[in-house]
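Presented below is the structure to which this report refers.
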Amino acid sequence: MSSSISAAATTTLVLEGSEQGFATTRFEDVLNWARKYSLFQYPFVTACCAMEFMALASPRFDMARFGAEAPRFSPRQSDLLWVVGTISQRQAPVLKTVYDQMADPKYVLAFGTCASSGGFYDNYTTLAGIDKIVPVDVYVPGCPPRPESVIDGLLMLQDKIARGDRTAGVVKPRFDPVQLRRKA
Amino acid sequence: MSTKVLARLEQAFGASILETHDQFGDDTAVVDPSRWLEIARFLRDDEACSMDHFIDLTAVDYLGRAEPRFEVVLHVRSIEKLHRVRLKARIDVSASDDAADDANAETALARIDSLVSVWPGANWFERECFDMFGVAFSGHPDLRRILMYGEFVGHPLRKDYDASKTQPLVEYRAAANEKLPPFDQHEGMSFGRQTHAQRPAARNLLGFETPGLGED
Ligand code: SF4
């Protein structure tokens, strides 16, 4: 699933027969097409991953290209919850409340290893992955992840939205380090 | 330089100064915990000491290595005289006045006087020390947890607190421990807590079977 982002994106048939001057489609597909390009995001930013999030949002990597640049600082107006950084047990109720306040359809992206699994924090104070309390759509591993892999994650989410797929996905590295080592 | 301070302390408090040393150039005095506050006030007010700069206060848990178990460590400095001293007091979990507490070693507190009346800067340090080690500072104006949440039971930096024991405030989802593609059963991270006992036996480079941790 996660390995074939681009392939899956091209096989998603949204419009049929447009060369004849008219088009037929399913209402759900149009709706999902609109949703995937207008993700209003709620950044729940808690730790060092925030630095990489800033890089992602700034012109060099430019998240705005994917229609996901508008942050909303009210969860009630947002579609996509970015959980960026370590979530402590003390903070977990806050995250849960924010998630509960979002209106459907809502999506969650776990940014970085800490949000995905707790990372190297294996102790009394850290929540071992936000999926313990909220469902996650896309995991982006990395400590912190490079902006490219977050963009991969965002594209993966858009693809999932277009296909109406609500299973979780993991961003894989663009280059498999094991393969690279074998070649060298 | 501040051996002068140690000498002054010994002169003023005699037998209440249990030991002194200046390992690595850090002058240290281990003092009688019952005179903790008194000695602190003396350090601040005495002309020759004039310790007006509170640096740090914390505790160390020597569970199973020393009696009494806790060592409260204070660092103070004199801005005017440019000297520095470290004060330690050894205390143990005290027989508490509350009978219910006695049964539960986890919540039993060790007690010592608060230094907030001497250096106001000690306030949050003592709260942290209380939160992490369960040292109760008598006379502290607002002794609450500062890092952990109120519902937390026990004191996490005590050596007998199980490091992996969490006390979640939100109930975990039932589906939280599913493996996710592309990960296999024993591949990658589980995106959930993997305890050592669950780790499969691994082959090392020479091909010997090594048991997974916690399997013996
Ligand atoms: S994944 Fe790494 S960079 Fe991100 S919040 Fe955790 S420790 Fe910080």
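Would you confirm, using the coordinates I've provided, whether A:Tyr99 is within 14 Å of chain B (Cβ to nearest Cβ), open to solvent by 40 Å² or more (accessible area, probe 1.4 Å), in contact (Cβ under 8 Å) with a residue 12 or more places away in the chain and not charged (D, E, K, R)?
Taking the combined requirement at face value, the residue does not satisfy it.
Return only the number of the condition from (1) away from the ligand (no atom under 16 Å from the Cβ); (2) polar (S, T, N, Q); (3) part of a helix (DSSP H, G or I) that A:Thr167 does not satisfy.
(3)
Looking at A:Ala110, A:Ala92, which is the one that is within 11 Å of chain B (Cβ to nearest Cβ) and touching a Leu at 6+ places or on another chain (Cβ under 6 Å)?
After ruling out the rest, the residue left standing is A:Ala92.
When you look at B:Gly25, is it small (Gly, Ala, Ser) and open to solvent by 50 Å² or more (accessible area, probe 1.4 Å), yes or no?
Judged against the criteria, B:Gly25 is a match.
So how many residues does region B:143-165 have that are facing chain A (nearest Cβ under 9 Å) and either open to solvent by 60 Å² or more (accessible area, probe 1.4 Å) or modelled with pLDDT under 85 (or both)?
Residues in region B:143-165 being facing chain A (nearest Cβ under 9 Å) and either open to solvent by 60 Å² or more (accessible area, probe 1.4 Å) or modelled with pLDDT under 85 (or both): 5 in total.
Quick test for you: out of A:Asp122, A:Asp104, A:Asp152, pick the one residue that is out of contact with any Cys (no Cβ under 8 Å at 6 or more places or on another chain), within 13 Å of chain B (Cβ to nearest Cβ) and away from the ligand (no atom under 11 Å from the Cβ).
Step by step, each of A:Asp122, A:Asp104, A:Asp152 is checked, and only A:Asp122 is out of contact with any Cys (no Cβ under 8 Å at 6 or more places or on another chain), within 13 Å of chain B (Cβ to nearest Cβ) and away from the ligand (no atom under 11 Å from the Cβ).
Is there a residue being within 14 Å of another protein chain (Cβ to nearest Cβ) and either of a type in the set (Phe, Trp, Tyr) or more than 23 Å from A:Asp159 (Cβ to Cβ) (or both) anywhere in region A:70-86?
yes
Based on what the data block shows, is A:Glu69 closer than 29 Å to A:Ile87 by Cβ, within 16 Å of the ligand (Cβ to nearest atom), touching a helix residue (DSSP H, G or I) at 6+ places or on another chain (Cβ under 7 Å) and not aromatic (Phe, Trp, Tyr)?
Answer is no for this residue.
Can A:Asp165 be described as under 20 Å from A:Phe44 (Cβ atoms), open to solvent by 20 Å² or more (accessible area, probe 1.4 Å) and within 13 Å of chain B (Cβ to nearest Cβ)?
So A:Asp165 fails the test.
With surrounded by fewer than 18 Cβ atoms within 10 Å (Cβ to Cβ), assigned to a helix (DSSP H, G or I) and out of contact with any Ser or Thr (no Cβ under 7 Å at 6 or more places or on another chain) as the only criterion, which of A:Ala55, A:Ala115 stands out?
A:Ala55
The values are calculated or read from the model by the stated rules, or taken from the named source; none is laboratory data. Model, not experiment: these values are computed from the prediction. A quick note on method: Cβ atoms are made from the backbone with ideal geometry, for glycine too, and the neighbour counts reach across all protein chains shown. Please note that ligands, DNA and RNA were not included when accessible areas were found on the heavy atoms of the full protein model with its side chains. Shrake-Rupley method; radii C 1.70, N 1.55, O 1.52, S 1.80 Å.
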